[in-house]
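Participant: This structure is in structure tokens; I'll ask about it shortly.
The values are calculated or read from the model by the stated rules, or taken from the named source; none is laboratory data. None of these values were measured; they are calculated from a predicted model. Note that each Cβ is placed from the backbone with ideal geometry, even for glycine, and that neighbours are counted across all protein chains shown. The area values use the complete protein model at the heavy-atom level, side chains included, leaving out ligands, DNA and RNA. Shrake-Rupley method; radii C 1.70, N 1.55, O 1.52, S 1.80 Å.
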Amino acid sequence: MSIWIIFKLLGSLALLMFGMKSMSESLQKMAGPQLRHVLGAMTTNRFTGALTGMFVTAAVQSSTATTLMTVSFVNAGLLTLVQAISVIMGAHIGTTVTAWIMSLGFSFEITDFVYPAFFIGIILIYMKKRRILGDFLFGVAFLFLGLGTLKATGFALVENEETKMMISDFFAKFNEPNFWNSLLFLVMGTVLTLCVQSSAAIMAITMILCSTGVLHIDQGIMLVLGENIGTTITANIVAMTANTQARRAALAHFTINVIGVTWALILLQPFVNIVCSFVGFDRSITPSDPGYAANLAKISVVLAAFHSSFNVTNTLLQIWFIPYIERFVCWVIKPKTVVEDEDFRLHFITSGIMKTPELSVLEAQKEIESFAERMQRMFGMVRELLTEKDEKKFNTTFNRIEKYEGISDNMEIEIAKYLDQVSDAHLSDDTKAKIRAMLREISELESIGDSCYNMARTINRKVQGKQDHFTDRQYEHLHQMMELTNNSLTQMNILMAGRKMSFDVNRSFNIENEINNYRNQLKTQNIIDINNHEYTYAVGTIYMDLIAECEKLGDYVVNVVEARMGMRQKEA
């Protein structure tokens, strides 16, 4: 019988975690693009940043989601480190709403409302326009069904006197209020939260144990403090592959909670007494005293109130020291000295952990911006190669171009794989269109890399074949053509880094027309010059290969611009 109760406990815990996850994801989808704009617009100073973090976390019901989003935005350069720290502080307050929801589930029979929620939810799911709202209702229903089942199973478990005595005897060994016992439960809360990856689930277990009387309130509070540290580990794991600023933001998250737990331990007894007196909970009542059951019924409210009080106080204390926290994390995590641009590494797509489609699309967009910038740098190397006279420097530059060509191939594949993962989620029509446009963009950017490499190989072939030098006029024409091509790349990168609504697409089309007209002009002039013996046919062929490749590259640039602007591809 006991084995079935254990399975029921584990199953109800899984149901609670799944409900929490579904509810959080649905809320994030409903918020959609607004989350990014809110985080960007409302973090002008540390106080508005904290308020933003608080409201966003309360809205999406997940401090982990807000923190991961914040770290991702720092990684993408959308938030500064100071802004990120203030948002994370606010997220600590916002996450306390979850504890109050749990407390609500313990105050009355919440499962009565679960089945109507399931019924309404399934109707909404089959109404495509209301699908996300239906998913949210299902998440809420699963959350409360799991919480209700967990509560009922927990009470059923302790109704057995033998089982209750066994559990009580185990925790009684650590009842003595000393440093080591407190540290044990603090570490236990941290480790359990880290393993389960859900502070809400551990909070529910803590409330069950305390509400049944097998766990003392002091031990429950230490578990709550441990949960605050454990929940910071996820962001640090995700940030391990991110850039320096993102890793600093994740470390700041950890630092804020460690400092908070430290002062809470020093002032623990008076702090807990204030919370208990506010709720009306008497810590001195024993099981043999009258009114014990009524007092015990308040324990979930005490834990929720302590969780809120701790996080609010911690934020109010530390918000004044954000600049010092920033200095500390900058001192701990030094910027990398290696030239990262020379190695293939995705800078903004940092983890296999999937967030909301909106955030995932943002990360991919920032990665594509980086891709486009790399391709313009690669073209700059080709321009250097054309006039390089020193053999050693020529070979070094050619090898770099060759390396960049491999990088462009890898970037196309990795970004496409990531977008393919994002496509597996339930997406809006707008997000689907964005992903289609991005796939087209990366394909055209990779073609730009191929064009640059083709030009480099053509120049290398000319040098290795000991061909005659280009004439001064040919060099002048090549430089002018490459300048036009570089201007088109510059316009492309302005578009990729900015807002497409403010971009004048005609500038890109005009440059493309100039490139086409100039190519036609040079093609005609080349035939005349060869006939007039200005240079050999072999030199003229290499010369026109470079001109034609520049024109092709310009076409690829226009294709990227059209994809970004949401324009249809022209017929070949």
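Participant: Could you run through segment 458-470 and say how many residues are part of a helix (DSSP H, G or I) and touching a residue at least 40 places away in the same chain (Cβ under 8 Å)?
Facilitator: Number satisfying all stated conditions: 6.
Participant: Given the structure, is T163 in a helix (DSSP H, G or I), open to solvent by less than 70 Å² (accessible area, probe 1.4 Å) and either more than 17 Å from G19 (Cα to Cα) or at pLDDT 80 or above (or both)?
Facilitator: So T163 passes the test.
Participant: Same structure again: Suppose we keep only residues that are loosely packed, with under 13 Cβ neighbours inside 10 Å and among the basic types (K, R) within segment 545-572. Which one would you say is modelled with the lowest pLDDT?
Facilitator: K570
Here's the yes/no breakdown for (1) modelled with pLDDT of 70 or more; (2) closer than 17 Å to I132 by Cα; (3) open to solvent by 50 Å² or more (accessible area, probe 1.4 Å); (4) not in a helix (DSSP H, G or I):
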residue	(1), (2), (3), (4)
L13	yes, no, no, no
F18	yes, yes, yes, no
H37	no, no, yes, no
G49	yes, no, no, no
M54	yes, no, no, no
T66	yes, no, no, no
L79	yes, no, no, yes
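Participant: Under 25 Å from M375 (Cβ atoms), modelled with pLDDT under 95 and open to solvent by 80 Å² or more (accessible area, probe 1.4 Å) - does that describe any residue in segment 484-499?
Facilitator: yes
Participant: Within segment 471-518, count every residue that is within 30 Å of T536 (Cβ to Cβ) and in a helix (DSSP H, G or I).
Facilitator: 20
Participant: Suppose we filter segment 522-544 for residues that are polar (S, T, N, Q), open to solvent by 90 Å² or more (accessible area, probe 1.4 Å) and farther than 18 Å from D472 by Cβ; how many remain?
Facilitator: 1
Participant: Another question, if that's okay. Just the residues that are farther than 30 Å from I125 by Cβ, open to solvent by 10 Å² or more (accessible area, probe 1.4 Å) and of a type in the set (D, E, K, R), please, taken from segment 405-463.
Facilitator: E405, D409, E412, E414, R440, E444, E446, D450, R457, R461, K462, listed by residue number.
Participant: Quick test for you: out of F136, F118, pick the one residue that is modelled with pLDDT of 80 or more, out of contact with any His (no Cβ under 9 Å at 6 or more places or on another chain), open to solvent by 10 Å² or more (accessible area, probe 1.4 Å) and assigned to a helix (DSSP H, G or I).
Facilitator: Result: F118 is the single residue among F136, F118 that is modelled with pLDDT of 80 or more, out of contact with any His (no Cβ under 9 Å at 6 or more places or on another chain), open to solvent by 10 Å² or more (accessible area, probe 1.4 Å) and assigned to a helix (DSSP H, G or I).
Participant: Count, please, the residues in segment 387-404 that happen to be more than 36 Å from the chain's Cα centre (by Cα) and either open to solvent by 30 Å² or more (accessible area, probe 1.4 Å) or among the polar types (S, T, N, Q) (or both).
Facilitator: Counting residues in segment 387-404 that are more than 36 Å from the chain's Cα centre (by Cα) and either open to solvent by 30 Å² or more (accessible area, probe 1.4 Å) or among the polar types (S, T, N, Q) (or both) gives 9.
Participant: Which residue pairs have Cβ atoms closer than 8 Å, lie 6 or more positions apart in sequence or on different chains, and pair a first residue in segment 512-537 that is within 24 Å of G465 (Cα to Cα) with a second residue that is in a helix (DSSP H, G or I) and among the aromatic types (F, W, Y)?
Facilitator: N526/Y543; I530/Y537; Y535/Y543
Participant: Filter segment 204-216 down to the residues that are in contact (Cβ under 8 Å) with a residue 60 or more places away in the chain and over 36 Å from the mean Cα position of the chain (by Cα) and list them by number.
Facilitator: Selection gives S211, G213.
Participant: Okay, moving on. Would you confirm whether or not segment 178-192 contains a residue that is modelled with pLDDT of 75 or more, within 17 Å of L10 (Cβ to Cβ) and not in a loop (DSSP other than H, G, I, E, B)?
Facilitator: Scanning segment 178-192 turns up at least one residue that is modelled with pLDDT of 75 or more, within 17 Å of L10 (Cβ to Cβ) and not in a loop (DSSP other than H, G, I, E, B).
Listed here are the residues, each with its yes/no results for (1) in contact with a Cys (Cβ under 9 Å, 6 or more places away or on another chain); (2) at pLDDT 90 or above; (3) among the hydroxyl-bearing types (S, T, Y).
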residue	(1), (2), (3)
R374	no, yes, no
Q421	no, no, no
S428	no, no, yes
S443	no, yes, yes
D450	no, yes, no
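Participant: Please go through segment 193-214 and pick out each residue that is at pLDDT 75 or above and within 20 Å of I285 (Cα to Cα).
Facilitator: T206, M207, I208, L209, C210, S211 - these are the residues of segment 193-214 that are at pLDDT 75 or above and within 20 Å of I285 (Cα to Cα).
Participant: Let me ask something else about it. From the list S502, S508, which one is buried (at least 18 other Cβ atoms within 10 Å of the Cβ), over 22 Å from N454 (Cα atoms), modelled with pLDDT under 95 and not β-branched (V, I, T)?
Facilitator: The conditions single out S508.
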